[in-house]
Amino acid sequence: MWMRPRVCELFAGVGGFRLGLERSDWDVVWSNQWEPGQKAQYASQCYVAHFGQTNHINKDIACVKAQAIPNHDLLAAGFPCQDYSVATTKAEGIHGKKGVLWWEINRILEAKRPPYVLLENVDRLLRSPREQRGRDFGVMLWCLNNLGYSAEWRVINAADYGAPQKRRRVFVVATQRGTDLGEAMDALGDRGDWLERTGLLATAFPVLRTGHANHPLPASTQLPRNLQTLSDRFGFHFLGSGVMANGAVWSRRVRPKASPLVPVKSVLEEDVPEEYYIPESDALKWARLKGAKAEPRKAKNNFRYRYEEGAIPFPDSIEGPSRTIMTREGGLSPSRFKHVIQDPETKRLRVLTPLEVERLNEFPDGWTDTGMPRSWRYFCMGNALVVGLVERLGRYLHKWYEQSP
């Protein structure tokens, strides 16, 4: 009897990874979700409401022993962007900064060695930290290479591939070198062709060809052999697409072969309750917060400086994809970053509903309507990923899985 490939999921949130992967024929057999500093674990409760309690752990991953995690074919994780610096101790060698979640992923990979890894993060990961650009992503690639993985990454804007939201995230696919995908990466002669046509991410998310024979890869480097050296000195301008094999890194910009844009108006509810409408008396406050600013300011230490920021559309257009959904959406208190639209039926200004925000991330209607407060429904969607991207990526990764012995 044929078995679907097994997935273990870290930092599971409300289940966006699982939705996309199970739709593309993967079997999630174990999951972990923990919201630090919160007594009520709303995201985990939502996850359990849809997928059941079996093999779901609502516990700090640092307290979960690797032996307690079942063997699996794919480790999936959408994790926070943090400072990944390392430090040397006489007793224990090189260790990551305490409390940083990447090192928990590294710990589990070291123990379980799944053939495939799928990671998702904000795109600023490629540029962090500000004072040493590229170091944190370099640390990740070094760790993956040290554990026998090759890796490919790509910054993907969900709106370019049929989602109704402009949400840019970096996806990293790593694979053990013994798999067909790993051997293909290790044997690369034409890295430009891989990144634009033949690679996993290029086939899942097509890009325009640039005639790379006349446009050599603009960025390449070799990861240092020593992780401490990398942490202390490494810097590199990682571009929005790239591949790492045997410690060699190649990176370039690619242009998406975009799908037709899906507008916000396609996800809007009808007959929206009054509680989502902005009082007319507050409209000017909203407009001021969203407007451009160029003004002198004074810090608490009396340092004077000039503060500048650009305007945010007010109201937001519903004729194209939305801006990125944030964790602080919803509520009628004036805000610079919350989405405000002119309702197409009433012509009045209002915020988005929780169901509309779910639709912008391509979740089923009412997914977070599991007893959590409304503010947490927005918060969970602000932290979520776009399900359709994972489904598409999972489908193409599954094809590589089927080819491997």
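None of the figures in this text is laboratory data; all of them are computed from the coordinates on show. The structure presented is a predicted model; accordingly, all values stated were derived computationally and were not measured. Positions of Cβ are backbone-derived with ideal geometry, glycine not excepted, and every protein chain shown enters the neighbour counts.
For this structure, a couple of remarks:
- Cα gyration tensor category, rounded, prolate or oblate, for segment 235-318 with a/c compared to 1.5: oblate
- Contact order normalised by residue count of the chain, Cα under 8 Å, 6+ apart, percent: 17 percent
- Pairwise FRET efficiency - Q403 versus S333, Cβ, R0 = 41 Å, nearest 0.05: 0.15
- Rounded to the nearest 10 degrees, the angle from helix 387-403 to the longest Cα principal axis of the chain is 20 degrees.
- Using alpha-carbon coordinates, inclination of helix 374-383 to the longest axis of the chain, degrees: 40 degrees
- Placing a label point 7 Å from the Cα of N146 along the Cα-to-Cβ line, the residues of segment 228-261 whose backbone N sits under 11 Å from it are 228-231.
- Computed on segment 270-352, with alpha-carbon pairs under 8 angstrom and 6+ residues apart, the relative contact order is 32 percent.
- Segment H237-T203, length gained on full extension (0.36 nm per residue, minus Cα span): 9.8 nm
- The Kirkwood radius of the chain, taken over pairs of alpha-carbon atoms, gives through the Stokes-Einstein law at 10 °C and 1.306 mPa s a diffusion coefficient of 70 µm² s⁻¹.
- Helix 42-51 and the longest principal axis of the Cα set of the chain meet at an angle near 70°.
- Counting beta carbons within 10 Å around each of R135, R306 and listing the fewest first gives the order R306, R135.
- Taking a ≥ b ≥ c as the square roots of the Cα gyration tensor eigenvalues, segment 130-176 comes out oblate, since a/c reaches at least 1.5 and a/b does not exceed b/c.
- When the Cα gyration tensor is reduced to axis lengths a ≥ b ≥ c, the ratio a/c is 1.5 or higher for segment 270-352, and with a/b above b/c it is classed as prolate.
- Listed residues S333, S251, S317, most fluctuating in the chain (Gaussian network, C-alpha, under 10 Å): S333
- Projecting the Cα atoms of T368, I341, W400 onto the dipole axis of segment 305-405, where Lys and Arg carry +1 and Asp and Glu carry -1 at the beta carbon, places I341 farthest toward the positive end.
- Evaluated over segment 270-352, the count of Lys pairs having alpha-carbon atoms less than 24 Å apart is 9 (only pairs 8 or more residues apart or interchain).
- Taking M140, M185 and counting other C-beta atoms within 10 Å, the order from fewest to most: M140, M185
- Label-to-label distance, D186 versus A68, with points set 7 angstrom from Cα along the beta-carbon direction: 3.5 nm.
- With contacts taken as Cα pairs under 8 Å at a separation of at least 6 residues, segment 1-80 carries a relative contact order of 42 percent.
- Packing-based exposure ordering (other Cβ within 10 Å, fewest first) of L355, L144: L355, L144
- Cβ charges +1 (Lys, Arg) and -1 (Asp, Glu), total dipole of segment 270-352, debye: 960 debye
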